[in-house]
1. Can you work out which of the residues in the stretch 1-60 that are of a type in the set (D, E, K, R) and part of a strand (DSSP E or B) is surrounded by the most Cβ atoms within 10 Å (Cβ to Cβ)?
2. Within the stretch 62-93, how many residues turn out to be among the basic types (Lys, Arg) and closer than 24 Å to ASP149 by Cβ?
3. All but one of (1) assigned to a helix (DSSP H, G or I); (2) surrounded by 15 or more Cβ atoms within 10 Å (Cβ to Cβ) hold for ILE250; which doesn't?
4. Considering each of LYS153, LYS190 in turn, give the residue that is basic (Lys, Arg), without any contact (Cβ under 8 Å) to a residue 60 or more places away in the chain and closer than 21 Å to SER27 by Cβ.
5. Does any residue in the stretch 240-261 that is within 18 Å of ARG124 (Cα to Cα) come within less than 8 Å, Cβ to Cβ, of a residue that is surrounded by 15 or more Cβ atoms within 10 Å (Cβ to Cβ) and of a type in the set (Asp, Glu) six or more places away or on a different chain, and which pairs are these?
6. Going by what's in this entry, would ASN95 be described as more than 17 Å from GLY135 (Cα to Cα), in contact (Cβ under 8 Å) with a residue 12 or more places away in the chain, surrounded by fewer than 17 Cβ atoms within 10 Å (Cβ to Cβ) and of a type in the set (S, T, N, Q)?
7. Pairs only if they're at least six apart or on different chains, beta carbon under 7 angstrom, first in the stretch 122-139 and in the same structural domain as GLN93 (by TED's automatic domain parsing), second part of a loop (DSSP other than H, G, I, E, B) and among the aliphatic types (A, V, I, L, M); list them, first residue then second.
8. Just to be sure before I move on: is VAL225 in a strand (DSSP E or B), surrounded by 18 or more Cβ atoms within 10 Å (Cβ to Cβ) and touching a residue at least 12 places away in the same chain (Cβ under 8 Å) in the structure I sent?
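The values are calculated or read from the model by the stated rules, or taken from the named source; none is laboratory data. All values derive from a computational prediction rather than experimental measurement. Every residue, glycine as well, gets a Cβ built from its backbone with ideal geometry; the counts of neighbours run over all protein chains shown.
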Amino acid sequence: MTDMETTENVIYLAGGCFWGIEYLMQSIPGVIDAQSGYANGTGPQDADYRTVCTGQTGFRETVRVEYDPDKVSLDALLLAYFYVIDPTVENRQGNDRGTQYQTGVYCTNDKAKETVERIAAIERGRSENFAVEIGPLVNFYPAEEYHQDYLEKNPGGYCHIPRDEIALFSQLRIDPGDYQKPAAETIRDKLTDEQYRVTQQSGTERPFFNEFWDKFEKGIYVDVVTGEPLFSSTDKFESGCGWPAFTKPIEAPAVVELSDDSYGMHRTEVRSRAGDSHLGHVFTDDPESPNRVRYCINSASLRFVPYAKMEAEGYGYLLPLFEE
């Protein structure tokens, strides 16, 4: 039983069936241990699977995640968690229904609380309805042994998180914790009026009259607000749309895709993961694109880092992109 966590670098994540969240966290380099259990319920007398499944205990199926902050940030873990859950629904995830499947992020110290609240504020702004519980850990009881490492012991077992999404996080190079969103006043001061209008007010710049639409120099494109790497010149293609066009981001989780029904159209908006900057939209079935996908991105949301300057600017870890 855990009533008071003594390890600083621990977070508790409830995201539906704990088998999937445990497996996701175990796949992320830098995670030391992930343990399935029951959190914030009535007490030890009810902390068993059969009783929790009655929905009367208040327990959430929760994973205790211990991590090495020198290898992975809490930002990265939280944003991976939000990438795979549906934050808009209560008491369910995937095909699972019941109070035990309520989503939640529970912390045990002020340092973690500050990070959790900062990330939750970003995620709350991306959803019309935000149903994830954010608060302190009250109690935690490890689940039965047969639940621990369930998907490692049963590779074909049920998982409400798509396996291809889990695979994304086993090979991430970009840690969003290195590119945290600045305070609002700092953002206002560092951006031009056009950059601010596009990134912070979801504006759109003029086609063909923007900095990068017809530029193809070798290098990477980063979020103008945070510096988080987003796109590579290796994935940029010539498009008649008048804006920079890419077949894919450097890493899929580096961008967030949201439904956008503004201006009487149904589109998919693209925003940056850590900075929550409006970037543009993504379209499918584009005949000009090599893979028929076009990430149509505003130049004003990007800063270009030439290949020759990547090492000096702290992006040397991405130089292998140009060798693949």
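1. In this case the residue turns out to be ARG60.
2. Taking the stretch 62-93 as the starting set, the residues that turn out to be among the basic types (Lys, Arg) are 64, 71, 92.
Applying the additional criterion that residues be closer than 24 Å to ASP149 by Cβ yields 64, 71.
Final tally of qualifying residues: 2.
3. (1)
4. Working: LYS190 fails: closer than 21 Å to SER27 by Cβ.
LYS153 is the lone residue from the list that is basic (Lys, Arg), without any contact (Cβ under 8 Å) to a residue 60 or more places away in the chain and closer than 21 Å to SER27 by Cβ.
5. From residues that are within 18 Å of ARG124 (Cα to Cα), the pairs are ALA254/GLU228; VAL256/ASP276; GLU257/GLU269; LEU258/GLU269; SER259/GLU269; ASP260/GLU269.
6. Values: more than 17 Å from GLY135 (Cα to Cα): yes; in contact (Cβ under 8 Å) with a residue 12 or more places away in the chain: yes; surrounded by fewer than 17 Cβ atoms within 10 Å (Cβ to Cβ): yes; of a type in the set (S, T, N, Q): yes.
Against the criterion (more than 17 Å from GLY135 (Cα to Cα), in contact (Cβ under 8 Å) with a residue 12 or more places away in the chain, surrounded by fewer than 17 Cβ atoms within 10 Å (Cβ to Cβ) and of a type in the set (S, T, N, Q)), ASN95 qualifies.
7. Between residues of the stretch 122-139 that are in the same structural domain as GLN93 (by TED's automatic domain parsing) and residues that are part of a loop (DSSP other than H, G, I, E, B) and among the aliphatic types (A, V, I, L, M), the close pairs are ALA131/VAL89; ASN139/MET1.
8. Details: in a strand (DSSP E or B): no; surrounded by 18 or more Cβ atoms within 10 Å (Cβ to Cβ): yes; touching a residue at least 12 places away in the same chain (Cβ under 8 Å): yes.
So VAL225 does not fit the description; no.
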